[in-house]
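Computed from the coordinates by the stated procedures, all read-outs in this text should not be read as laboratory data. Quick caveat: nothing in here was measured; it's all calculated off a predicted structure. Because the Cβ atoms are built from the backbone with ideal geometry, glycine has one as well, and the counts that use them run over all protein chains shown.
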Amino acid sequence: MKTLFSILPLLCAMMALTEAHAQSSSAPYSLEWEVVAVDSIPGMTTARLYAKLVNPTDYLTSISGWDDMEGAVFTTTSFYQHPDGWATPNNNNPLLFDLLPGLRWDSWVTIGIESAPNGAAGEIPVGLFPPQTDFWVNEFEAGEDLVMDVDGAWFVTLGSSNGTAGEDLKVLVGQFTTDGVISGYLNLQVFSDGVSSDDFMDDVYSIVVPEFDAGGLSSIAPAVTQLKLNWGVIPLEEGRHAHLVDADVHSWMRYDVAGRTMESGRVYNGQFVSQGPGLIVLFGENGASMASRFLKL
């Protein structure tokens, strides 16, 4: 409870500032997506949302919303929520993923951690505000949109390692599994170089969540992996991959995480080479998708 009580005065002050306005999204901070898996749950894509900061010592301490400054993550369908998961990954144990495979794809919010915090590394659990879950948590846990329009926040406190940008300048803020189009806007409270401003609102930035078509990625090749197509992949230099496939594969395409076509080509003698990471989809002579595979660098 020490963590919660230490943040309560700050969060209460935030909710009282109904006449204040957040910094605009033209601020140097942004949000960006990274695909974790396609067809993690059949027909769905799992993606993680990161806050992109500026300095390695910048610190993301809370993500919030209230009546005059709503924070929300929407989907046009629903979010996948595993019955043994929770709104944060505070209790996630990777050892359970073999016993409960769907738990790996649970939707949750966080600051900097994806499983139970490592105290030796300076991590702490992610807090939820308010403690009563009927404000926004229950609806999100039921698969509905995440909407903080009265009081709401998830947070960590300065001094823990969770919110520090680090050399890659990225802080994980959530994992979302859906077959819909995700959009929204979130209020990020960031301490530049780890130092808070005298005025609370000087550290708060309203950032648009980039639109992400999770269903568009998954629907490219729905349930086609059941065909058990022979498909060998050999890593080459500079992120290139050589592919060895069945003779009835006619063509292929590589898509990025937003579903845009990055490259495509014909398959000759059951072989082709792709030039980078992304979702590779194989097509038969009739144009029907035959199999898909997500490749990283």
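Identify which of the listed values of Rg/Rh (Cα atoms, Kirkwood Rh) was calculated from the structure shown: (i) 1.06; (ii) 1.03; (iii) 1.10.
Looking at Rg/Rh (Cα atoms, Kirkwood Rh) for this model, the match is (ii).
Explain nothing, just the number: dipole magnitude of the chain about its Cα centre with +1 on each Lys and Arg Cβ and -1 on each Asp and Glu Cβ, in debye rounded to the nearest 20.
Value, rounded to 20: 1160 debye.
Using only helices, what value at 222 nm comes out for the chain when you add -39,500 (n - 2.57) per DSSP H run of length 4 or more and divide by the total residues, to the nearest 500 deg cm²/dmol?
Rounded to the nearest 500, it is -2500 deg cm²/dmol.
Would you kindly derive the ³J(HN,Hα) couplings of the stretch 122-133 from the backbone phi angles with the Karplus curve 6.51 cos²θ - 1.76 cosθ + 1.60 (θ = phi - 60°), listing them in order in whole Hz, with x for Gly and Pro?
Each residue of the stretch 122-133 in turn: x, 7, 10, x, 7, x, 10, 10, x, x, 6, 7 Hz.
Using unit Cβ charges (K, R positive; D, E negative) and no other charged atoms, how large, in debye to the nearest 20, is the dipole of the stretch 36-98 about its Cα centre?
Details: 2 positive and 7 negative charges, 43 e Å.
Here the size comes out at about 200 debye.
Taking the Cα centre of the stretch 224-295 as origin, sum charge times position over the Cβ atoms of Lys and Arg (+1) and Asp and Glu (-1), and report the length of that vector in debye to the nearest 20.
Charge dipole of the stretch 224-295: 120 debye, to the nearest 20.
On C-alpha positions alone, give me the angle between the axis of helix 2-16 and the longest principal axis of the chain, in degrees, nearest 10.
With both axes taken from Cα atoms, the answer is about 80 degrees.
Taking the Cα centre of the chain as the origin and placing charges on Cβ (Lys, Arg +1; Asp, Glu -1), which of Tyr268, Ala87, Pro101 is farthest toward the positive end of the dipole?
Looking along the dipole axis, the top candidate is Tyr268.
Tally the DSSP beta bridges in the stretch 2-213 and give the antiparallel ones as a percent, rounded to 5.
Approximately 95 percent, going by the DSSP bridge assignments.
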